[in-house]
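Structure first, then comments.
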2 protein chains.
Amino acid sequence: MGNEFLKIIEVEEAKKIIKNLFKETYKLKSENIPVEDAYNRIVSEDILSTIDLPMFDKALKDGYAIKSEDSFEASEENPKILNCVDMVEAGSFSKKTIKTGECIEISTGAPIPNGADAIVMVEYSEKLEKSPTKDIAILKSVPPTEDIAKKASDIKKGKIILRKGTILNSVKIGILSAQGKYDVNVFKKPIVSIISTGDELLDKDEKIELGKIYDVNTNLIKGAVLASGGIPLTKGIVKDDYNELKMKIMEIKNEDNGSSDVIICSGGTSAGVGDILKNVVDEIGEVLIHGISVKPGKPTLVGKIKDKIIIGLPGNPVSAIIIYSIFIDPYLRLISKSSEKRNNKRRNLELAKRIHSAKGRMEYLLVQIKDDKVYPILKDSGAIASLSYADAYIKISKSIEIVDVGEIVEVILF
Amino acid sequence: MGNEFLKIIEVEEAKKIIKNLFKETYKLKSENIPVEDAYNRIVSEDILSTIDLPMFDKALKDGYAIKSEDSFEASEENPKILNCVDMVEAGSFSKKTIKTGECIEISTGAPIPNGADAIVMVEYSEKLEKSPTKDIAILKSVPPTEDIAKKASDIKKGKIILRKGTILNSVKIGILSAQGKYDVNVFKKPIVSIISTGDELLDKDEKIELGKIYDVNTNLIKGAVLASGGIPLTKGIVKDDYNELKMKIMEIKNEDNGSSDVIICSGGTSAGVGDILKNVVDEIGEVLIHGISVKPGKPTLVGKIKDKIIIGLPGNPVSAIIIYSIFIDPYLRLISKSSEKRNNKRRNLELAKRIHSAKGRMEYLLVQIKDDKVYPILKDSGAIASLSYADAYIKISKSIEIVDVGEIVEVILF
């Protein structure tokens, strides 16, 4: 705490500090939710099978349950005749026990009757219609266990069926359902409060006045937080005023059951605003980073207020989303455990237009992707139009001045 | 309609019929929702800018608004002295008009005062502290329009800002917010009713009885429908009974405002069940496909009841999810307009274990992916354990008998 001077730091150093901050400050929490609402959630513990699957010896084919030795040497030319004493459909079971010379008609999925040890498929049988005693001709010899799935052969009770960290896509939810599970323990999503600051900001549908602009960042960051696997809580617009900003942050800090894990402020455009946030965090928490050697987004702030992480993003939406993507998204994914999904977001593609970059600062640039080629968006970073073309961003190292047409660049998709 | 015989058809022919069915039967609908809830939705019309952006000539830097000619020939050695007559922060504006020899202190984002045509950055100015008349030394010559973003230079009122079909990720939502838009027209998501059929099926938490198994498919298909961009409505379990199934389907057909667009039934395991669904659809609708030459999933049914699409999937969960992925998912994405997202789901990877496939039928196989290698899951298709390992599936053409270790196969991720 206090007002010590914080020097501008390099990108990699900033990432290290932020990663540590997220890992050390955020406590992983678990919650119990219905399986049917668990799509895309992440299991927070190894899950063991509570039952054997199949729960009973099960027919894999439609046909006849028999004692296998009754079929030995049977063939089309030399059928064995068995007496059919019962019929069992999937969902029911037979109370009878098969004796030598008997069989029971059975449907796929039904439990194997007592006394039987094999299934003869219906294709290898023949109903002797005229027989008054329901005789069945068996046309094929089958070995023991033929077309039977033994109890627990699929999954044994007590076996791990889903590992901690598994994303519950449709098939993984299927596994839980096969257990008859009603609920499942999943990681809680981190809760992110979003504040936009700036005297110039209008809320949606407010009347336009000279000098005012509509607030972009609340919804922009909200969408980004959803993509990172967090729960966004929008906290509205705050004026560039020390007391007002402090009150808003204290409100979030003092929420019942401390629901917010992260607070993201995006600053106004005026130079003094970054300092307002810094002064507030200095007073009630600790500033860890104030200034990163990166273009755009130099005045980025990272700090901590008790057990909450606080981030100050630039007010300019293009800068805000780039800084969010580089310095917040990966670590929010880390704590929300949804990091795996992110691998879908990188592509190596060809640059379609030369880029000149300023030496000495890492630069991030919005790009548009057309026909698998990368077009840099060279508007000034205040331009909202950039956002309507932007599909992704690219990184240009601080030692590079020119990236030429045809070079392969890594794009990170929004 | 009627009971005409439907022959088993090839995969490509089935896909064609299903694609046509979805395109012709489903009517694209639009709905109006708040921008803040529109994350990941798809805009249903071209959206035009309702305002100019910037809405006014805007300062791009902190500094002084001047008449540019007042700075001409200024330098560190030969500063020009201007009289500062006002100060304007972002969010406010100055009522004064600059005259020759005057300047106004200005913050980034603030409107350019009348009479000014350029900004001198604060770095190229000096406050003459001792001057009683607030004189400012200008240390650099700047041309007209320097560091000014002209009104409408970013986006002109009436220009298209988002094309029909755009997925509203965070940056696209940012664009709408910059307009102060409260709501947006997006495509309605198709509504999919899900029925599980089978005498053997238990609902979650029901007591286990011999011969019964827990229903997997309701939640499995629910998750899959969410992934395809649809809204799943789960309709519970129906016995393998003509009248019960017919009543359930009639209920869905007669819903107020016909809310379901697609009905997906998954059949029990017994052979007769496919026929029950076929008979119901024959009576109250039209069967288009009954039987596809594919392993697993041969008994798949596709039909139409008035303006609703009806699908019969195999009861076996592994078969059901494979058939869903091949024959339903692409067309549900087509009508939900979320097809683009699917490109993330394909990868070309190396096979780690030889596969033997039955000739004559297209075969689909669940696979596990470890260290970017593809391991086929060779359990019988009734095995639930398959689902706990399955990351993806692969396709094996009907003319291929062996796929060897090291061959590159295309995997389609769940």
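Among (1) more than 10 Å from chain B (Cβ to nearest Cβ); (2) at pLDDT below 95, there is one condition A:Ile191 misses while meeting the rest; what is its number?
(2)
So the check is Cβ under 8 Å with 6+ separation or different chains; which pairs have a first residue in the stretch A:297-309 that's in the same structural domain as A:Glu283 (by TED's automatic domain parsing) and a second one that's of a type in the set (Lys, Arg)?
A:Lys298/A:Arg361; A:Leu301/A:Lys278; A:Ile305/A:Lys253; A:Lys306/A:Lys253; A:Asp307/A:Lys27; A:Lys308/A:Lys253
Here is a list of conditions, (1) of a type outside the set (A, V, I, L, M, F, W, C); (2) within 23 Å of the chain's Cα centre (by Cα); (3) part of a loop (DSSP other than H, G, I, E, B); (4) under 30 Å from B:Lys278 (Cβ atoms), and B:Gly165 meets all of them except one; can you say which number that is?
The failed condition is (4).
Kindly state which strands (runs of 3 or more DSSP E) lie completely within the stretch A:246-350 and contain at least 1 residues that are of a type in the set (Lys, Arg) and at pLDDT below 90.
none
Among the residues that make up the stretch A:350-361, is at least one of them crowded, with 22+ Cβ neighbours inside 10 Å and either of a type in the set (A, V, I, L, M, F, W, C) or free of Cβ contacts under 8 Å to residues at least 60 places away in the same chain (or both)?
Checked against the condition, which is being crowded, with 22+ Cβ neighbours inside 10 Å and either of a type in the set (A, V, I, L, M, F, W, C) or free of Cβ contacts under 8 Å to residues at least 60 places away in the same chain (or both), the stretch A:350-361 yields no hits at all.
Go through the stretch B:67-103 and count every residue that is among the β-branched types (Val, Ile, Thr) and closer than 28 Å to B:Lys157 by Cβ.
Adding up the residues that qualify gives 3.
Please state which one of A:Tyr26, A:Tyr64 is under 27 Å from the mean Cα position of the chain (by Cα), over 23 Å from A:Ile155 (Cβ atoms) and hydroxyl-bearing (Ser, Thr, Tyr).
A:Tyr26
So which residues in the stretch B:160-177 are out of contact with any Phe, Trp or Tyr (no Cβ under 9 Å at 6 or more places or on another chain) and closer than 12 Å to A:Ala227 by Cβ?
B:Ile167 - this is the single residue of the stretch B:160-177 that is out of contact with any Phe, Trp or Tyr (no Cβ under 9 Å at 6 or more places or on another chain) and closer than 12 Å to A:Ala227 by Cβ.
B:Ile136 fails exactly one of the following numbered conditions: (1) farther than 27 Å from A:Ala392 by Cα; (2) among the hydrophobic types (A, V, I, L, M, F, W, C); (3) within 10 Å of chain A (Cβ to nearest Cβ); (4) buried (at least 19 other Cβ atoms within 10 Å of the Cβ). What is the number of that condition?
(3)
Scan the stretch A:213-253 for residues that are at the interface with chain B (Cβ under 7 Å from one of its Cβ atoms) and in contact (Cβ under 8 Å) with a residue 60 or more places away in the chain and report the count.
Result for the stretch A:213-253: 4.
Can you tell me which residues in the stretch A:371-397 are more than 28 Å from B:Ala59 (Cα to Cα) and surrounded by fewer than 20 Cβ atoms within 10 Å (Cβ to Cβ)?
A:Asp371, A:Asp372, A:Lys373, A:Ser397
Which one is farthest from the chain's Cα centre (by Cα) among residues in the stretch B:99-129 that are β-branched (Val, Ile, Thr) and either under 15 Å from B:Ile148 (Cα atoms) or buried (at least 24 other Cβ atoms within 10 Å of the Cβ) (or both)?
B:Ile104
Condition (residue is touching a residue at least 60 places away in the same chain (Cβ under 8 Å) and surrounded by fewer than 24 Cβ atoms within 10 Å (Cβ to Cβ)) applied to the stretch A:205-212: is it met by at least one residue?
no
Can you pull out every residue in the stretch B:168-188 that is part of a loop (DSSP other than H, G, I, E, B) and either buried (at least 21 other Cβ atoms within 10 Å of the Cβ) or within 7 Å of chain A (Cβ to nearest Cβ) (or both)?
Answer for the stretch B:168-188, where residues must be part of a loop (DSSP other than H, G, I, E, B) and either buried (at least 21 other Cβ atoms within 10 Å of the Cβ) or within 7 Å of chain A (Cβ to nearest Cβ) (or both): B:Leu168, B:Asn169, B:Gln179, B:Gly180, B:Lys181, B:Tyr182.
Can you tell me how many residues in the stretch A:299-320 are among the small types (Gly, Ala, Ser) and away from every other protein chain (no Cβ under 14 Å)?
2
Hey, does the stretch A:191-199 have a residue that's surrounded by fewer than 24 Cβ atoms within 10 Å (Cβ to Cβ) and either out of contact with any strand residue (DSSP E or B) (no Cβ under 6 Å at 6 or more places or on another chain) or free of Cβ contacts under 8 Å to residues at least 12 places away in the same chain (or both)?
Yes, some residue in the stretch A:191-199 is surrounded by fewer than 24 Cβ atoms within 10 Å (Cβ to Cβ) and either out of contact with any strand residue (DSSP E or B) (no Cβ under 6 Å at 6 or more places or on another chain) or free of Cβ contacts under 8 Å to residues at least 12 places away in the same chain (or both).
Which members of the stretch A:362-414 meet the condition of being among the small types (Gly, Ala, Ser) and in a strand (DSSP E or B)?
Answer for the stretch A:362-414, where residues must be among the small types (Gly, Ala, Ser) and in a strand (DSSP E or B): just A:Ala392.
Only one of A:Ala90, A:Ala74 is touching a strand residue (DSSP E or B) at 6+ places or on another chain (Cβ under 7 Å) and either farther than 30 Å from A:Arg163 by Cβ or within 14 Å of chain B (Cβ to nearest Cβ) (or both). Can you tell me which?
A:Ala74
I need the full set of residues from the stretch B:20-37 which are β-branched (Val, Ile, Thr) and under 21 Å from B:Ser260 (Cβ atoms), in order please.
Within the stretch B:20-37, B:Thr25, B:Ile33 qualify.
The values are calculated or read from the model by the stated rules, or taken from the named source; none is laboratory data. Predicted, not measured: the structure shown is a model, and the values here were computed from it. Because the Cβ atoms are built from the backbone with ideal geometry, glycine has one as well, and the counts that use them run over all protein chains shown.
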